[in-house]
Each structure stands twice: as structure tokens, then as C-alpha cells.
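Undergrad: This is the structure I want to talk about, given as C-alpha cells.
The values are calculated or read from the model by the stated rules, or taken from the named source; none is laboratory data. Source: prediction; values computed, not measured. Glycine gets a Cβ as well: all are built from the backbone with ideal geometry, and neighbour counts include every protein chain shown. All accessible areas refer to the heavy atoms of the entire protein, side chains included, with ligands and DNA or RNA removed. Shrake-Rupley method; radii C 1.70, N 1.55, O 1.52, S 1.80 Å.
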Amino acid sequence: MASITRPGRRAIAALGITGVALSLAACGSDDTSGSSPAAGGTSAASDASGSTGPVGAVIKGLDNPFFQAMESGIKDAASTGGTQVTIQAANSITDTSGQADKLSGLAGQDFGCFIINPISGTNLVQGIAQLSAKDVPIVNIDSPIDAAAAQAASAKISTYIGTDNVEAGTLAGKQMSTLLPDGGEVALIGGISGDATSGARLEGFQKGLGSGVTVAQTVAADWDRQTALTKATDIMAAKPDIKGFFAANDDMGLGVARAIANAGKTGQIKVISVDGNKDAFEAVKSGGIDAVVAQYPFVIGSMGLEACRAAMAGKTLPENVKAPVQVVTKQNVDKALSAAPKPGESYDDPFAALLK
């Protein structure tokens, strides 16, 4: 699933202006990768850039493949760089207070940098402020910290790394127009009502649509597959001429695809979703989903760890870094599957350059 509150362009701009610069069993557990401190001590491991200090990471619940992939990316980059990392996750995607408690618990320990992936724009602000008072670098990935709340609390962000969700939605809208050259009505399946990430993707989708394709209805399905299945079933019953669905994440897209299959209309009604989960790629290959705008949580996590290494080495970090996105269709899905969890195409990584 996509993050609950990823930034649209306004949020990215606000961060720059203020200088605030997806296995369930693992939920809430500690995890370490890379070098370990010497027995009996807490000394930090040196990374390849010569900096010292273990990295702490607090991410969303591992009850979703998206955040599992993000965790894997953090671990992979830590192992590659010889950096010790401790990862803690919220108990679920809605566990805002529990996630904040995990950050507060780690904040009192001797970490040289933190990677944070907040559930909401504000639930980790106080913990970040606590770390900022000690000049500990904070790398914000995926979902942005609310810029105004951060500024009010003197919570400083060293860099933000995440998907431009308006851009991702726009790519989906353009693809839907390609799939429906004769036009028609489509329905939008959003995440939680009022969620910034969902809103940005739906906004971008409508921007990308050609003049012949119109939006008949927009509903919220709470990022949930079964809820999306139910909503899509209701929409098809009420609007039998519906031509397509856009789902703001893959889990909901898979629910929509199941609803269409149940109605015996696979291939007749187009489906596009956002994220890039393996199940969604497989659905593209089999024809249940027509396209996925793939983002790469593995890369977001990996870049987050690299950013921490660079910050601990005294490098100046860019304020905002766009994570790669790619439109995956039946034509390139095999390449996407073989390259996963990384993109099938090249992408920019400014942090790798800083560590050379």
C-alpha cells in the first residue's frame, strides 16, 4: 500500500520553504543489520564513508508489502555500507501513538542519524524535535512531516525522499486516456477520506485525463482490498456503462479487479493502480489490471540509509529527492518483475554520488 500521507507538490514546496529540511510477525520488533557494536559495548560501527554512529529507523506497520519492501531496502543499504541499523515499526498502519512511542524510546539512545516514515504528518513531530535539539540528522522518507507543525516545534528535517504523488497520478490519467481512446466514464477509488497521498494521486489522475474521459464518481475505500471490491461492485451496479477504475493503491486495485472478474467483465473495464507490488505486477501479466504506476519502496528505504550515511559524514543533503516511478503494462511487466524490488529502468540517486 502506499503511504498514508505522502506529499503533493505543495507539501514538498513547504518543506523546502521552511527548511524543514509493506511480514506481520515483525511488527513493532527491533531489527538490526550490518555491523554490530563490540560485545558488551555500544560503540558505533564505521561506515564506508568514514562516519560513525548506528542508524535508527522508525517506519509504518509491516502489515503491508509496501513497508516490508522499504524495510528490506534499509537493511540492504546498511549491509552494503557496513552500517549498523535498528528498525522499529508501528503495530499497524493506524498505530500513530505506538509509532511515536517507538521513536521516543529510540531517541534516548546513541544513534547518529534517524530515518522516519511517519503515519501522519504530525505524530512524530515531538520525537523529531527531541532529536533536533541534539543536532541528530533526520531523514524523512515516504510520508512527509507536516511543515508547519515541524517549524512550530523546532523539528528539523535534513532531507525528504519520496514519490511525487501528483506526478504518479498524472501518469495514470494519461495511461487511462490511452486505454480509452473513445472516451467514457471512469470511477476513482481513493484511500482514507481526506488523506493527502490519496488526494494528490486523485488530483494528478484527473490532470492527466484527456478530454474524452470523465470522472463519474469518487469513493474512499480506506486503502483496503475488500472495501474496494465492495465499492467497485456497487459502482458497476449503479453505472453499468463504467469504462474504467483508478485505484490509489495496488491493494485496492486488486480488489477492483476481483469485482470486475466477479461481474464477468475482465478486459472490458480498465483498471490502473499505483504502487508496484508483486501481486499487482502479476495481475498486469494475467490481464486483471491494465497498468500500474510503480513506485519503489525498496529504493526509498535504501536511499534513506544512504542519506543518513552521507549526513553522518558531514555532507550537505538536498532538501527534497523524488523517488523513481515507472508505468508498468503488459509490454514491460516481465522486465519489471525480473528487476524487482528495484526499477527496471535507471534512476537518479544523489546520495550514492555523495558517498563516492
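Undergrad: Extending each Cα 7 Å along its Cβ direction at K322 and S286, get the distance between those two points in nm, one decimal.
TA: 3.3 nm
Undergrad: A further question follows. Using only Cα atoms, what Kirkwood radius does the range 165-294 have, in angstroms?
TA: In the range 165-294 this quantity evaluates to 13.7 Å.
Undergrad: Can you tell which of F205, S273, I289 lies farthest toward the positive end of the dipole of the range 165-294, using +1 and -1 charges on the Cβ of basic and acidic side chains (Lys, Arg; Asp, Glu)?
TA: Result: I289.
Undergrad: Which listed residue (L179, L106, N117) has the Cα farthest towards the positive end of the charge dipole for the chain, taking +1 on Lys and Arg C-beta and -1 on Asp and Glu C-beta about the Cα centre?
TA: Of the listed residues, the answer is L179.
Undergrad: To continue, here is another question. So what is the calculated 222 nm ellipticity per residue for the chain, using -39500 (n - 2.57) for each DSSP H run with n of 4 or more, over all residues, to the nearest 500 deg cm²/dmol?
TA: -12500 deg cm²/dmol
Undergrad: Sticking with this one: Roughly what would the spin-label model give for S79 and N91, points 7 Å off Cα along C-beta, in nm?
TA: 3.0 nm
Undergrad: Now, a different point. What fraction of the DSSP beta bridges in the chain is antiparallel, stated in percent and rounded to the nearest 5?
TA: So the antiparallel bridges amount to about 15 percent of the total.
Undergrad: While we're looking at this one, here's another question. What is the dipole size for the chain, taken about its Cα centre, with +1 at each Lys and Arg Cβ and -1 at each Asp and Glu Cβ, in debye to the nearest 20?
TA: It works out to roughly 500 debye.
Undergrad: Let me ask something else about it. Identify, among T96, V333, N320, the residue whose Cα sits farthest towards the positive end of the charge dipole of the chain, taking +1 on the Cβ of Lys and Arg and -1 on the Cβ of Asp and Glu, with the dipole about the Cα centre.
TA: Working it through, the farthest residue towards the positive pole turns out to be V333.
Undergrad: If you don't mind, there's one more thing I want to ask. For D101 and S338, FRET efficiency with R0 = 45 Å and r from the beta-carbon atoms, rounded to 0.05?
TA: E between S338 and D101, to the nearest 0.05, is 0.65.
Undergrad: Then there is this: What net charge do the residues around K265 carry, taking every other residue with its C-beta under 12 Å from that of K265, with Lys and Arg at +1 and Asp and Glu at -1?
TA: Residues near K265 contribute +2 overall.
Undergrad: Please state, rounded to one decimal and in Å, the Kirkwood hydrodynamic radius that the range 238-356 gives when every pair of distinct Cα atoms enters the mean of 1/r.
TA: Taking the inverse mean of 1/r over all distinct Cα pairs, the range 238-356 comes out at 15.8 Å.
Undergrad: Given the pairs K207/K270; K75/K330; K207/K342; K322/K342; K174/K330; K174/K285, which are separated by over 23 angstrom at their Cα positions?
TA: K75/K330; K207/K342
Undergrad: Roughly what % of DSSP beta bridges within the range 204-356 run antiparallel, to the nearest 5?
TA: Within the range 204-356, antiparallel bridges account for around 30 percent of the total.
Undergrad: Once neighbouring chains are kept in place and the probe is 1.4 Å, which whole percent of the accessible area of the chain is contributed by carbon and sulfur?
TA: It is 47 percent, rounded to a whole number.
Undergrad: Using a 1.4 angstrom probe on the protein heavy atoms only, line up R201, R225, R258, R309 by accessible area, largest first.
TA: R258, R225, R309, R201
Undergrad: Multiplying the sequence separation of K356 and A313 by 0.36 nm and subtracting their Cα-Cα distance, what value in nm do you get?
TA: 14.3 nm
Undergrad: Pop the C-beta distance of Q130 and S72 into the FRET formula with R0 = 35 Å and round what comes out to the nearest 0.05.
TA: 0.80
Undergrad: Given the protein chains as shown and a 1.4 Å probe, how many square angstrom of M312 are accessible, to the nearest 10?
TA: That residue has around 40 Å² of solvent-accessible surface.
Undergrad: While we're on this one: Just how much of K315 is accessible, in Å², when a 1.4 Å probe is used and the result is rounded to the nearest 10?
TA: Looks like 90 Å² after rounding.
Undergrad: Let me ask something additional. Can you give the accessible area per residue of the range 165-294, in Å², using a 1.4 Å probe?
TA: Accessible surface, normalised per residue, equals 38 Å².
Undergrad: Using protein chains only and a probe of 1.4 angstrom, how many square angstrom of L106 are accessible, to the nearest 10?
TA: 0 Å²
Undergrad: Once you have the Cα-Cα distance between D182 and A148, take 0.36 nm times their residue separation minus that, and quote the gain in nm to one decimal.
TA: Once the chain is fully extended between D182 and A148, it gains 7.8 nm.
Undergrad: For every other residue with a beta carbon closer than 15 angstrom to the beta carbon of A232, add +1 if it is Lys or Arg and -1 if Asp or Glu, then tell me the sum.
TA: It works out to a net charge of -1.
Undergrad: What number comes out for the charge environment of F246, summing +1 per Lys or Arg and -1 per Asp or Glu over other residues with Cβ under 10 Å away?
TA: Within the 10 Å Cβ shell, the charges total +2.
Undergrad: OK, next. What's the magnitude of the charge dipole for the range 165-294 around its Cα centre, counting Lys and Arg as +1 and Asp and Glu as -1 at the beta-carbon? Answer in Debye, nearest 20.
TA: The calculated dipole for the range 165-294 is roughly 260 debye.
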